[in-house]
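J.: Next up is a structure, given as structure tokens.
The values are calculated or read from the model by the stated rules, or taken from the named source; none is laboratory data. Here the structure is a predicted model, which means the values were calculated and not measured. Please note: Cβ atoms are built from the backbone with ideal geometry, for glycine as well, and neighbour counts cover all protein chains shown. Protein only, heavy atoms only, side chains kept; ligands, DNA and RNA dropped before computing areas. Shrake-Rupley method; radii C 1.70, N 1.55, O 1.52, S 1.80 Å.
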4 protein chains.
Amino acid sequence: SISHHYRPISSAPPSATQAQHEALCPPQSILIVNKLRTEPVIQAIDELLGHVKKTYPGVKVFSEDRPDIPDGAEVWRPGPQAEKIDLVVTLGGDGTILHAASLFSLGAVPPVLSFSMGTLGFLLPFHIDDFVKGLEAVFHGKATILDRMRLSCTYYDKEGRKVGADGNEWQVMNEIALHRGSSPHLNTIDIFVDGQHLTEAVSDGVIVSTPTGSTAYSLSAGGPIVHPSLSAVVLVPICPRSLSFRPLVFPSSSSVTLRIGDRSRAAAGVSMDGRVSHVLNPGDSVTVQASPYPVPCINRSSISEDETERQGEGVGPGKEDDWVRDINNLLQYNATFRSKALLRYSRT
Amino acid sequence: SISHHYRPISSAPPSATQAQHEALCPPQSILIVNKLRTEPVIQAIDELLGHVKKTYPGVKVFSEDRPDIPDGAEVWRPGPQAEKIDLVVTLGGDGTILHAASLFSLGAVPPVLSFSMGTLGFLLPFHIDDFVKGLEAVFHGKATILDRMRLSCTYYDKEGRKVGADGNEWQVMNEIALHRGSSPHLNTIDIFVDGQHLTEAVSDGVIVSTPTGSTAYSLSAGGPIVHPSLSAVVLVPICPRSLSFRPLVFPSSSSVTLRIGDRSRAAAGVSMDGRVSHVLNPGDSVTVQASPYPVPCINRSSISEDETERQGEGVGPGKEDDWVRDINNLLQYNATFRSKALLRYSRT
Amino acid sequence: SISHHYRPISSAPPSATQAQHEALCPPQSILIVNKLRTEPVIQAIDELLGHVKKTYPGVKVFSEDRPDIPDGAEVWRPGPQAEKIDLVVTLGGDGTILHAASLFSLGAVPPVLSFSMGTLGFLLPFHIDDFVKGLEAVFHGKATILDRMRLSCTYYDKEGRKVGADGNEWQVMNEIALHRGSSPHLNTIDIFVDGQHLTEAVSDGVIVSTPTGSTAYSLSAGGPIVHPSLSAVVLVPICPRSLSFRPLVFPSSSSVTLRIGDRSRAAAGVSMDGRVSHVLNPGDSVTVQASPYPVPCINRSSISEDETERQGEGVGPGKEDDWVRDINNLLQYNATFRSKALLRYSRT
Amino acid sequence: SISHHYRPISSAPPSATQAQHEALCPPQSILIVNKLRTEPVIQAIDELLGHVKKTYPGVKVFSEDRPDIPDGAEVWRPGPQAEKIDLVVTLGGDGTILHAASLFSLGAVPPVLSFSMGTLGFLLPFHIDDFVKGLEAVFHGKATILDRMRLSCTYYDKEGRKVGADGNEWQVMNEIALHRGSSPHLNTIDIFVDGQHLTEAVSDGVIVSTPTGSTAYSLSAGGPIVHPSLSAVVLVPICPRSLSFRPLVFPSSSSVTLRIGDRSRAAAGVSMDGRVSHVLNPGDSVTVQASPYPVPCINRSSISEDETERQGEGVGPGKEDDWVRDINNLLQYNATFRSKALLRYSRT
Ligand SMILES: NC(=O)C1=CN([C@@H]2O[C@H](COP(=O)(O)OP(=O)(O)OC[C@H]3O[C@@H](n4cnc5c(N)ncnc54)[C@H](O)[C@@H]3O)[C@@H](O)[C@H]2O)C=CC1
Ligand SMILES: NC(=O)C1=CN([C@@H]2O[C@H](COP(=O)(O)OP(=O)(O)OC[C@H]3O[C@@H](n4cnc5c(N)ncnc54)[C@H](O)[C@@H]3O)[C@@H](O)[C@H]2O)C=CC1
Ligand SMILES: NC(=O)C1=CN([C@@H]2O[C@H](COP(=O)(O)OP(=O)(O)OC[C@H]3O[C@@H](n4cnc5c(N)ncnc54)[C@H](O)[C@@H]3O)[C@@H](O)[C@H]2O)C=CC1
Ligand SMILES: NC(=O)C1=CN([C@@H]2O[C@H](COP(=O)(O)OP(=O)(O)OC[C@H]3O[C@@H](n4cnc5c(N)ncnc54)[C@H](O)[C@@H]3O)[C@@H](O)[C@H]2O)C=CC1
């Protein structure tokens, strides 16, 4: 089973999610998620579908309800009555995973196996060419999982009344960002931590991010890089009119409330994982808390490589960490001036 | 008992430390720690000692072995044979607590009650004028505790041999900092996380910090502010010759190894909580890991204020958090230009 | 004359502007600029007008064309046919000066005497209570001036055609900022310096700022503080998706072109000194260059204080610099943790 | 002549330096400077010397006084009696130019032609393989020059007495850096600008840098990148114990004084261009000002390329700027995450 190899790096007690994964194995149903319908994506889906039908007969394959659902797939609609999904497969960029996660905003998210179409991303452990190996790892119980924390966002109006139906909370995998948008004026946002007033931010906006999101918008705004297995919440201002507003990292048990100041000259537009959603007017607020439903992401290391090879990179067995590789590879983290230069500029 | 009110904010399982605190209540022995011997400190110690003798008869009071130990106190020497201490009382600045913690480098640290002498610090919940209330809270089991994580540091030579006797590990409460010191040349330090190579830092040095230390040297070097109840490790470079070396936050389960590059032009001086200790030459390394022995610090909120009063500040009972107040008060965190200006510059 | 005491701190050859100021002395015409019409502002204008009529008879006083122009003032309309103004007096915040400067977008700006109404700002040397002294300094030729550089912005469409009539250039005193506004997507902006491609910025936006503007939006986005007497252009990205995009400072002789990338997913809204103006679509561009017309701002030090008093602050005569005082006072620049804390938090 | 093509990008009046360069053309004497005596360097010097003797007969070639001066070179000693040098040729890294400049600390520096030995640097326009072309440009009067500003440093003791003989000032091309070195304690440094107190820095140290030095230590400490043709002084703190100490940029007419606070717990070691020199004790100070003697560095663009080729890069004739290319090439300035990743990590 998936959970067989489940090695929580997280410090949070893994029991709940572990149990859940156990039940899923081997998957009886797969949801394929893609945002783009370009030729390579269509073709890849067709191949993947063919492979599943042949290799894992009896497994149901679903697709979101769109005009052009792939041959052999059934329509799947999110919501309380949704068909049970045991595995999500995404094809596309980081945004595709964010979208996939958003389909499961009411409860647990099935394990997610993510393939890139060439452009690489932080949330994309596998290249599409490796789809056979990736599925095999899952179906043979060799997959290891990283539970990526989500944040749930609850909105309140000026009078403190919850906005929207109960249980209808928004879940984000990267971040919730408040921003003045195209208003010429600065936002005034009061920030509370566990009900206690922390500070008043006069700024373009404020980001509350997960560790996963720490390499997304939060990083651009000056935030630290936080390992995705840490249970934490990152608070970063966007262009604050203050020299001393540093990024803050809280335990995931904290609840953070952002309230638009009564005399704020601008309303704040809200983006959740990059999707524009609410507008908060002076007095309105949003409370952000760790969600009980993380996104279980299947690690690249599930495709076992030759033990020796891995040790060659200086990593003992069972210690490989996609994230360290990502930071190192994708960001060219900390390449010094000199060595970069030599790469591109040397004569010969 | 102290543990009665122990409310772990930390996400780490609190059982171990909780049990320990339970055993201590009410304290049978107190160790008084002070670095300075200025007149106000001497006087405060005398008053405190007198108060303890009168109010809590039978409680033993200890002092470090120095020429001028206070009247009525017995000498205490750290080490495996040390007398058991149930409560540490510090008088002085942040450095005094760092020193007190360093006296218990081999195992558990008793709860620490810290008084400032006027200058305030991040680790100083109480003003010396409140010592009666502070002791009362402890002896009446009303004290709440924040377990401040420590890091243990193990040194290795070029051949990978442990340096120093077994079990002889260094524990830091703030940080371990490697720095080129007065060498004109940059350090080259290879950084490994859980044995995996993360990056090569060419810089003045590197800091590995606890959340407690995140408001100390790490902050000056550009690091984020991390809540002390989070179990995490912060890695921050000092003046890196790279534009892209951002601060990193790891789960406390990670082990970080810093190894001086074989061709590093400078050796690295090591400071632990500000005390200069080792020099690491090319090939030498140090491995840093969460220590099993945190420092249990008694919170300011142990001196119970009127419930209503506290709620007036917008905090529900049992939710008050010294840290939020500290960030807000001590750092004047994020005071905007305008409001600061008005404080100091307004005419009238 | 004003120019008598004109001591250019600027490294730029001051001849042109000096000649101009010479001609203005003593002022024959004053333009009063205010944005707000609150009671204190109206009252202050009335007093000021009365004082001018009485003390400097024959001097014409103008006001912008608004429903409620003050008694005794004539209407003034900007443009090529505008009445000649020898002195601008502003009452209000920093934004009022920005607005005043924008009224003279076609050519030279008259010297500007700026009064704050209580809230202080970077561009506000005088408190309204000092208006008698301020005017006296100007009329008696004791005023010293800081020429604050402006940037002129020329817009081009995809085909490289200039947008707007010739000579119709925009002048900014703080900055021009491009921003994705409320678009969910990142901007791609190609940056050219003197026609040479510098970099492609993938970000929320880009700021090109004057030294004056370096304490405004640019500072919030992470830019350095640049002395307003330096002739320089500051380039700062807003939330760039790159770890290595540092603020850049160019000589004022440089021309900076920002061109929206052809495949940029977002258009860029343009703000000039905080006023929303253009929208730039993929292919459109704006070229920014030092304007020949700075804003001559009358210094606080024009109100001569007792020589001894000033020396008490450690400044030799003729060396006093409003800016150093501003940085120090308004920003509480670099107040250390400890001392701040003591200000607000000490017991007693 | 060199000055024929001299196109000052600087805003400072170029007349003085221009006149000087005029006099040098064509060079009658060359000083060869190298720090390392590795095989490739020795060989390159021999080739260069042979080429000069053959192609430019009558030109004297000098070398610093070292045990192993190259065949055909005469010994040169710095100082008031030094032989007149018309051209300096350096072989090595950035440090070699810093060293060459330091040999001319008393007055004007001859034009510097700098060759790298393979590793590239910011101050190294030419690869050693191009030495024939480089010399030709100089001898045929086609060289263009960038005058790189220097800072002169004057030291004072506690009593305000100048330290060292008159005229014996230190000149730096990159920066002067004060640092606590291996002292465990923070420095307290009072900073004055033009005699006015700006702030008290409690930090590891302070850097005062030229625009040239803005890509060296200052950049590592968080400073902006300043174009070397700007006449400016950059002030950057090193690890300040303050959230609000931003980098500052002053006009080159400013004088900056750094004075060790009387109660500073640490002395400050001084490094000038990386060379450790003085120790400043509490009360001691150093005053830093633009030097009248910049370092005239011969530009890469002196080796004229095909006009068309250059235009292909989008730069009009006479507008090519080594610096923009450097920022772009050497720093891989602002490469976004994605594109970097694709360079190194793409499959295929
Ligand atoms: N200035 C900035 O950096 C901004 C960033 N964003 C980010 O974009 C995200 C939405 O992504 P898309 O739907 O793909 O929109 P998009 O197509 O506009 O892409 C934004 C970029 O962020 C990357 N990204 C997304 N999540 C990431 C993560 N966890 N770690 C590292 N990189 C990540 C994507 O690969 C893409 O390069 C938002 O959640 C937000 O974090 C959104 C607006 C501005
Ligand atoms: N450039 C910098 O910021 C440097 C900072 N330090 C810090 O000093 C610490 C040692 O402190 P002391 O023995 O008192 O030496 P110290 O007397 O030199 O004080 C250093 C300052 O750091 C403050 N500090 C200490 N721990 C803190 C914490 N956890 N949060 C906020 N502020 C804190 C102290 O109150 C004091 O203001 C080291 O652990 C290191 O973190 C040490 C060297 C340089
Ligand atoms: N996130 C941010 O920091 C933003 C800043 N702004 C700034 O606001 C300016 C427009 O100002 P207002 O019309 O007063 O709008 P506003 O009333 O929205 O004020 C913005 C703030 O910037 C201050 N400010 C303006 N110019 C300044 C300067 N040169 N140095 C220091 N502070 C300065 C003002 O005093 C005010 O506190 C723009 O030019 C832009 O620089 C605009 C949008 C966002
Ligand atoms: N943490 C840091 O970044 C430190 C930097 N330095 C810098 O090193 C300089 C001395 O250089 P070396 O004698 O070569 O010593 P070094 O061999 O230790 O080299 C320091 C590095 O700085 C580079 N460098 C020097 N000047 C530069 C400039 N103007 N722009 C960009 N990069 C530059 C060199 O190429 C080399 O990579 C000092 O002036 C100081 O700026 C010195 C100490 C610490």
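J.: Identify all residues within the range A:213-262 that are under 17 Å from A:S285 (Cβ atoms) and of a type in the set (S, T, N, Q); write none if there are none.
T.: A:S254, A:S255, A:T257
J.: Right, next: Residue by residue through the range C:265-276, note down the ones that are open to solvent by less than 10 Å² (accessible area, probe 1.4 Å) and outside any strand (DSSP E or B). Don't jump to the end; show me each part of the working.
T.: Applying the first criterion (open to solvent by less than 10 Å² (accessible area, probe 1.4 Å)) to the range C:265-276 yields C:266, C:268, C:270, C:272.
The answer is C:A266, and nothing else.
J.: Here is a further query. All but one of (1) without any contact (Cβ under 8 Å) to a residue 40 or more places away in the chain; (2) touching a Cys at 6+ places or on another chain (Cβ under 9 Å) hold for A:S203; which doesn't?
T.: Evaluating A:S203 over (1) without any contact (Cβ under 8 Å) to a residue 40 or more places away in the chain; (2) touching a Cys at 6+ places or on another chain (Cβ under 9 Å) leaves (1) as the failure.
J.: Does D:F115 satisfy the criteria of being of a type in the set (F, W, Y), modelled with pLDDT of 95 or more and not in a strand (DSSP E or B)?
T.: Values: of a type in the set (F, W, Y): yes; modelled with pLDDT of 95 or more: yes; not in a strand (DSSP E or B): no.
Taking the combined requirement at face value, the residue does not satisfy it.
J.: Is one or more of the residues making up the range B:278-295 charged (D, E, K, R), over 18 Å from A:P224 (Cβ atoms) and away from chain C (no Cβ under 14 Å)?
T.: Let us first name the residues in the range B:278-295 that are charged (D, E, K, R), namely B:284.
The next check asks that each one be over 18 Å from A:P224 (Cβ atoms); those that pass are B:284.
Filter once more, so that each one left must be away from chain C (no Cβ under 14 Å): B:284.
Within the range B:278-295, one or more residues are charged (D, E, K, R), over 18 Å from A:P224 (Cβ atoms) and away from chain C (no Cβ under 14 Å).
J.: Just checking, which of A:S220, A:S242, A:S183, A:S214 is among the hydroxyl-bearing types (S, T, Y), more than 16 Å from ligand 4 (Cβ to nearest atom) and at pLDDT below 90?
T.: None of the other options fit; the residue is A:S242.
J.: Please tell me if C:F104 is within 14 Å of chain B (Cβ to nearest Cβ), within 18 Å of C:L87 (Cβ to Cβ), among the aromatic types (F, W, Y) and away from ligand 2 (no atom under 16 Å from the Cβ). It would help to see each step written out before you state the result.
T.: Numbers: within 14 Å of chain B (Cβ to nearest Cβ): no; within 18 Å of C:L87 (Cβ to Cβ): yes; among the aromatic types (F, W, Y): yes; away from ligand 2 (no atom under 16 Å from the Cβ): yes.
Judged against the criteria, C:F104 is not a match.
J.: Of the conditions (1) among the hydrophobic types (A, V, I, L, M, F, W, C); (2) open to solvent by 30 Å² or more (accessible area, probe 1.4 Å); (3) touching a residue at least 40 places away in the same chain (Cβ under 8 Å), D:V88 fails just one. Which one is it?
T.: All conditions are met except number (2).
J.: Related question: Listed residues C:V286, C:V279; which is part of a strand (DSSP E or B), at pLDDT 95 or above and open to solvent by less than 50 Å² (accessible area, probe 1.4 Å)?
T.: C:V286
J.: Regarding the range C:299-314, can at least one residue be identified that is touching a helix residue (DSSP H, G or I) at 6+ places or on another chain (Cβ under 7 Å), within 16 Å of ligand 3 (Cβ to nearest atom) and at pLDDT 90 or above?
T.: Yes: one or more hits.
J.: Still on this structure, I have one more. Within the range B:254-262, is there a residue that is small (G, A, S), modelled with pLDDT under 95 and either more than 12 Å from B:I189 (Cβ to Cβ) or within 16 Å of ligand 4 (Cβ to nearest atom) (or both)?
T.: No, the range B:254-262 has no match at all.
J.: If B:K142 meets every condition in (1) of a type outside the set (S, T, N, Q); (2) touching a Pro at 6+ places or on another chain (Cβ under 8 Å); (3) over 26 Å from B:M272 (Cβ atoms); (4) assigned to a loop (DSSP other than H, G, I, E, B) apart from one, which number is that one?
T.: (2)
J.: Moving on. Please specify each residue of the range C:23-63 satisfying the condition of being at pLDDT below 90 and surrounded by 14 or more Cβ atoms within 10 Å (Cβ to Cβ).
T.: C:L24, C:C25, C:K35, C:L36
J.: Just the residues that are among the hydrophobic types (A, V, I, L, M, F, W, C), in contact with a Cys (Cβ under 8 Å, 6 or more places away or on another chain) and closer than 14 Å to A:I30 by Cα, please, taken from the range A:84-137. Walk me through it before giving the result.
T.: Residues of the range A:84-137 among the hydrophobic types (A, V, I, L, M, F, W, C): A:85, A:87-89, A:91, A:97-98, A:100-101, A:103-104, A:106, A:108-109, A:112-113, A:115, A:117, A:120, A:122-124, A:126, A:128, A:131-132, A:135, A:137.
Checking which are in contact with a Cys (Cβ under 8 Å, 6 or more places away or on another chain) leaves us with A:97, A:112, A:123.
Passing the criteria: only A:V112.
J.: If you don't mind, another one. Listed residues A:H179, A:H197; which is without any contact (Cβ under 8 Å) to a residue 24 or more places away in the chain, within 27 Å of A:P251 (Cβ to Cβ) and away from ligand 2 (no atom under 16 Å from the Cβ)?
T.: A:H197
J.: To continue, here is another question. Could you list, in sequence order, the residues of the range B:149-165 that are open to solvent by less than 60 Å² (accessible area, probe 1.4 Å) and in a loop (DSSP other than H, G, I, E, B)?
T.: B:M149, B:R150, B:D157, B:G160, B:G164
J.: Looking at D:A143, D:A177, which is the one that is away from ligand 4 (no atom under 16 Å from the Cβ) and crowded, with 18+ Cβ neighbours inside 10 Å?
T.: D:A143
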